[in-house]
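Presented below is the structure to which this report refers.
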Amino acid sequence: MLYAIICHDKKNGAPIRAENRPLHLEYLKGFAGQAHAVGPMLGDDEASMVGSLLIMNFDSKADAESFAAGDPYAKAGLFESVVVTAWKQVLPAL
């Protein structure tokens, strides 16, 4: 099942994001086979990173939540909020 993991950074979180980005990317590599679409959300300037959107394949919501909690960004306290929800792709058709 696909899950959307929507993470909004805390205000002024850019230094935390920058410091933990290498660990975050290394963590994601361990789940590359489960990644459907992954990347940062951008601010109104279309350049600054203000959050993360990950659409990942997991067996259960609990597995998706465990993945989200294990992200180095989450462990470093970057996120103001994290929402994990089941997601269904309509287009393009799989």
Practice task
Treating cross-link reach as a plain straight distance, find the lysines whose alpha-carbon is under 22 Å from the alpha-carbon of Lys88, omitting any fewer than eight places away in the same chain.
Solution key: Lys61
Exercise for the section: Among Ile55, Val38, Leu23, pick out the residue whose Cα is farthest towards the positive end of the charge dipole of the stretch 16-59, where Lys and Arg carry +1 and Asp and Glu carry -1 on C-beta, about the Cα centre. Expected result: Leu23
Practice task
Report, as a whole number in µm² per second, the diffusion coefficient that Stokes-Einstein gives for the chain at 10 °C and 1.306 mPa s using the Kirkwood radius over alpha carbon pairs.
Solution key: 117
Handout entry: Between helix 14-29 and the chain: long-axis angle, C-alpha atoms, 0 to 90°, nearest 10
Key = 30
Exercise for the section: Whole number in Å², please: accessible area per residue of the chain, 1.4 Å probe, ligands, DNA and RNA not counted. Expected result: 62
Exercise for the section: Please report, as a whole percent, how much of the solvent-accessible surface of the chain comes from carbon and sulfur atoms (probe radius 1.4 Å). Expected result: 57
Problem - Sequence-distant residues sharing a close amide H with Val38 (under 5 Å, placed H) - result: Ile55
Handout entry: Rounded tilt (10° steps) of 61-70 against the dominant C-alpha axis of the chain
Key = 20
Handout entry: Gained length - Thr85 relative to Met49, 0.36 nm times residue gap less alpha-carbon distance
Key = 10.8 nm
Completion exercise
Output for the stretch 29-94: GluC sites (Glu not before Pro) sitting in coil per DSSP, at most 10 other Cβ within 10 Å, listed by number, reads Glu46
Problem - Heavy-atom SASA rank of Met1, Met41, Met56, Met49 (probe 1.4 Å, accessible area, largest first) - result: Met1, Met49, Met41, Met56
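The values are calculated or read from the model by the stated rules, or taken from the named source; none is laboratory data. Since this is a predicted model, take the numbers as computed values, not measurements. All Cβ positions, glycine included, derive from the backbone under ideal geometry; neighbour counts span all protein chains shown. All accessible areas refer to the heavy atoms of the entire protein, side chains included, with ligands and DNA or RNA removed. Shrake-Rupley method; radii C 1.70, N 1.55, O 1.52, S 1.80 Å.
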